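Q: Quick one: this structure, given as structure tokens, is what I'll be asking you about.
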Amino acid sequence: MNKVFAFVALMIFSQSYYGQLSEELTLEDVIVMARNQSPSSKQAETRKENRYWQYRLFKSNYNPQLALSGNIPGYNRDYFSNRLDDGTIVFQDREQLNSSLNLGLNQPLAFSGGNISVNSSVDYFQDLEFDLQSYSATLVNIQLDQPLFGFNELKWDKKTEPLRYEESKRSYVEEMEFVSREAVKYFFDYLDAQINYQISQFNYFNNDTIYKIEEGRYNIGTTSKDKLLQVELQLLRSQQDEVQALLDLQTASQQLRAYLGIKNNDTLQLSLPTQIPEFDIVMQDAVLNARMNRADYIAFERRRLEAERELAEARGQRFQTNLRASFGLNNASDDFGDAYDTPNDQQRVDIGLVVPILDWGRNKARVNTAMANLQLNEYVIDQDMQNFEQEVITLVRQFEVLRNQLVIAKKSDEVAQERYEVAQNRYLTGKVDITNLNIALSEKDTAKRSYTKALRDFWIAYFDLRRLTLYDFANNELLYKPDEE
């Protein structure tokens, strides 16, 4: 009767142990939480927003800027030196007001790197000691500032910055896929600890029951002292394993909570993912999607342009020539209204230049350095492209292997579980000894852990594949939407 009771209790506990794995949070739940609230996802969102505003700042550099500047009021009281007609220098005091106001509209010229501006200004002067005042007004002044044969920063920014922004948008999608990938890792870290703890609980209960059975057999003389001590030692080990498994579970729980940003103290319970997406991957399609979608391929082009930009900038520094031309209408009067009456023409043209005569090869060295860096950059990019494609090819090949291993591991888990149940029944009827039962128990636990590891490897590879190609092969859709800001 005791054997029947022990067997029934053992089977009930076994069923409750495996039933616990289908409750609470699923893998999908954890991934959604990670993408919505984890610190890593918040950091990715912030970087995305920062890059967006950097792009907006770049675009504003090509728009006209209207600015009002001035000095209202400007007050000055001091002593100044004054040379008289006989050559004597005397120091006299003065008290003056100087005010100015300027309204200017500036438009950068992206095609030439220059700047054109339209300004209107008024200046006011008053000598408080002699009660003199004067106004100077510029009704309109049009001015062109144009570097000649120099480096055009606006032109090169127009080539590189849109690529940098496009790269950042794709990088954000990759970062979010990496968040999902890390969520999978922490999910299975906790799930492993959870399963190990449940296994340790089951084994402790199982060994405790077996010890009681062996103890009863020893009391009636059907087993030896040696076997009883073997079972007792197994019971003590399982008790020690349970304590360690609980500590590992608590550690994994804290790590999962920290990654997901969970602040409450609710007990987490994860369910083993059993549904696996079914899809085929064509190698050429995976490589093509990686080329078309990944931020790295945009980065390759950007890096080439930046190396060419550095060469153009080095060449533009060999000599500097700047043209400044302006035309305006201005006037001056003691009366504010008269300062705007019948203004006179105002023209100015300046050409400033800096030409090095002797620089000891400085400019030549600067240009040759930029040319060498350009060549080196080409070699590095070619190697990076090969490594990039090889990474995708290797992952696709591994993915099919991992899928097959997962099928085998699942079947092995089912077989090991069934074998243990058979061995358990035969042990209770005295047909196998404790050694064979322990072997079956060990194989069952190993198969369960191997199945969990196969699931981990599959899902990590799945999200690595999504991250490297920005393509969802399970649903046949792009993860990156080009039209989204």
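Q: Of the residues Asn82, Asn63, Asn76, which single one is modelled with pLDDT of 90 or more and out of contact with any Cys (no Cβ under 6 Å at 6 or more places or on another chain)?
A: Asn63
Q: For Thr321, are the conditions met, namely being part of a helix (DSSP H, G or I) and either β-branched (Val, Ile, Thr) or touching a strand residue (DSSP E or B) at 6+ places or on another chain (Cβ under 9 Å) (or both)?
A: no
Q: Test each condition in (1) without any contact (Cβ under 8 Å) to a residue 40 or more places away in the chain; (2) part of a helix (DSSP H, G or I) for Arg315 and report the one that comes out false.
A: (1)
Q: Here is a further query. Under 9 Å by Cβ, and 6 or more places apart or on different chains, what pairs join a residue from the range 29-47 that is within 26 Å of Gln275 (Cα to Cα) with one that is among the acidic types (Asp, Glu)?
A: Final answer for the pair search is Ala34/Glu182; Ser38/Glu182; Ser41/Glu175.
Q: Residues of the range 87-104 being at negative phi and over 60 Å from the mean Cα position of the chain (by Cα), which ones?
A: Correct list: Thr88, Ile89, Val90, Phe91, Gln92, Asp93, Arg94, Glu95.
Q: Let me ask something else about it. Do we find that Leu406 is farther than 16 Å from Pro273 by Cα, in a helix (DSSP H, G or I) and in contact with a helix residue (DSSP H, G or I) (Cβ under 7 Å, 6 or more places away or on another chain) in this structure?
A: For Leu406, the condition - farther than 16 Å from Pro273 by Cα, in a helix (DSSP H, G or I) and in contact with a helix residue (DSSP H, G or I) (Cβ under 7 Å, 6 or more places away or on another chain) - is not met.
Q: Looking only at residues that are among the aliphatic types (A, V, I, L, M) and assigned to a loop (DSSP other than H, G, I, E, B) in the range 239-270, which one is modelled with the lowest pLDDT?
A: Leu268
Q: Suppose we keep only residues that are in a strand (DSSP E or B) and among the charged types (D, E, K, R) within the range 121-147. Which one would you say is farthest from Asn76 (Cα to Cα)?
A: The qualifying residue farthest from Asn76 (Cα to Cα) is Asp145.
Q: Something else about it: Take the conditions surrounded by fewer than 17 Cβ atoms within 10 Å (Cβ to Cβ), at pLDDT below 95 and among the aliphatic types (A, V, I, L, M) and apply them to Val380. Does it pass?
A: Answer is yes for this residue.
Q: One residue is enough: does the range 119-132 have a residue meeting the conditions of a type outside the set (D, E, K, R), in contact with a helix residue (DSSP H, G or I) (Cβ under 9 Å, 6 or more places away or on another chain) and at pLDDT below 90?
A: Yes, the conditions are met somewhere in the range 119-132.
Q: Can you go through Ala339, Ala370 and tell me which one is modelled with pLDDT of 80 or more and aliphatic (A, V, I, L, M)?
A: Going through Ala339, Ala370 in turn, the sole match is Ala370.
Q: If you don't mind, there's one more thing I want to ask. Please give the strands (runs of 3 or more DSSP E) falling wholly within the range 16-111 in which 1 or more residues are of a type in the set (A, V, I, L, M) and surrounded by 14 or more Cβ atoms within 10 Å (Cβ to Cβ).
A: So the answer is 89-109.
Q: Another question, then. Check Glu477, Glu443 and return the single one that is surrounded by fewer than 19 Cβ atoms within 10 Å (Cβ to Cβ), within 19 Å of Val287 (Cα to Cα) and under 47 Å from the mean Cα position of the chain (by Cα).
A: Exactly one of Glu477, Glu443 is surrounded by fewer than 19 Cβ atoms within 10 Å (Cβ to Cβ), within 19 Å of Val287 (Cα to Cα) and under 47 Å from the mean Cα position of the chain (by Cα), namely Glu477.
Q: If I ask for residues that are free of Cβ contacts under 8 Å to residues at least 40 places away in the same chain and in a strand (DSSP E or B), which ones from the range 469-485 would you list?
A: Asp472, Glu477 - these are the residues of the range 469-485 that are free of Cβ contacts under 8 Å to residues at least 40 places away in the same chain and in a strand (DSSP E or B).
Q: Can you go through Glu414, Glu389 and tell me which one is in a helix (DSSP H, G or I), over 31 Å from the mean Cα position of the chain (by Cα) and modelled with pLDDT of 90 or more?
A: Being in a helix (DSSP H, G or I), over 31 Å from the mean Cα position of the chain (by Cα) and modelled with pLDDT of 90 or more holds for just one of Glu414, Glu389, which is Glu414.
Q: For the range 271-280, indicate whether the set of residues that are crowded, with 16+ Cβ neighbours inside 10 Å, of a type outside the set (A, V, I, L, M, F, W, C) and at negative phi is non-empty.
A: There is at least one residue in the range 271-280 that is crowded, with 16+ Cβ neighbours inside 10 Å, of a type outside the set (A, V, I, L, M, F, W, C) and at negative phi.
Q: Look through Glu153, Glu167, Glu174 and report the one residue that is surrounded by fewer than 18 Cβ atoms within 10 Å (Cβ to Cβ) and either more than 30 Å from Ile439 (Cβ to Cβ) or out of contact with any Pro (no Cβ under 7 Å at 6 or more places or on another chain) (or both).
A: Step by step, each of Glu153, Glu167, Glu174 is checked, and only Glu153 is surrounded by fewer than 18 Cβ atoms within 10 Å (Cβ to Cβ) and either more than 30 Å from Ile439 (Cβ to Cβ) or out of contact with any Pro (no Cβ under 7 Å at 6 or more places or on another chain) (or both).
Q: What are the pairs, 6+ residues apart or on separate chains, where a residue within the range 441-468 that is among the β-branched types (Val, Ile, Thr) has its Cβ under 7 Å from a residue that is assigned to a helix (DSSP H, G or I) and buried (at least 19 other Cβ atoms within 10 Å of the Cβ)?
A: Every condition considered, the pairs that remain are Thr452/Phe188; Thr452/Leu191; Thr452/Ile195; Ile460/Arg181; Ile460/Val184.
The rows are residues; the columns are (1) in the same structural domain as Ala447 (by TED's automatic domain parsing); (2) of a type in the set (Asp, Glu); (3) outside any helix (DSSP H, G or I).
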| residue | (1), (2), (3) |
| --- | --- |
| Arg164 | yes, no, no |
| Gln201 | yes, no, no |
| Asn206 | yes, no, no |
| Ile213 | yes, no, no |
| Thr222 | yes, no, yes |
| Glu232 | yes, yes, no |
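Q: Also, quick follow-up: Among the listed residues Asp359, Asp350, Asp296, Asp345, which satisfies the condition of being free of Cβ contacts under 8 Å to residues at least 24 places away in the same chain and either part of a strand (DSSP E or B) or under 22 Å from Lys169 (Cα atoms) (or both)?
A: Among Asp359, Asp350, Asp296, Asp345, only Asp345 is free of Cβ contacts under 8 Å to residues at least 24 places away in the same chain and either part of a strand (DSSP E or B) or under 22 Å from Lys169 (Cα atoms) (or both).
Q: In the range 423-432, is there at least one residue being in a helix (DSSP H, G or I), hydrophobic (A, V, I, L, M, F, W, C) and in contact (Cβ under 8 Å) with a residue 24 or more places away in the chain?
A: Yes: the range 423-432 contains one or more residues that are in a helix (DSSP H, G or I), hydrophobic (A, V, I, L, M, F, W, C) and in contact (Cβ under 8 Å) with a residue 24 or more places away in the chain.
Q: Out of the residues in the range 219-237 meeting the condition of being of a type outside the set (D, E, K, R) and in contact with an Asp or Glu (Cβ under 7 Å, 6 or more places away or on another chain), tell me which one is modelled with the lowest pLDDT.
A: Residue satisfying both the conditions and the ranking: Thr223.
The values are calculated or read from the model by the stated rules, or taken from the named source; none is laboratory data. What you are looking at is a predicted structure, and each value in this text was computed from that prediction instead of being measured. As a convention, Cβ positions derive from the backbone with ideal geometry for all residues, glycine included, and neighbour counts pool all protein chains shown.
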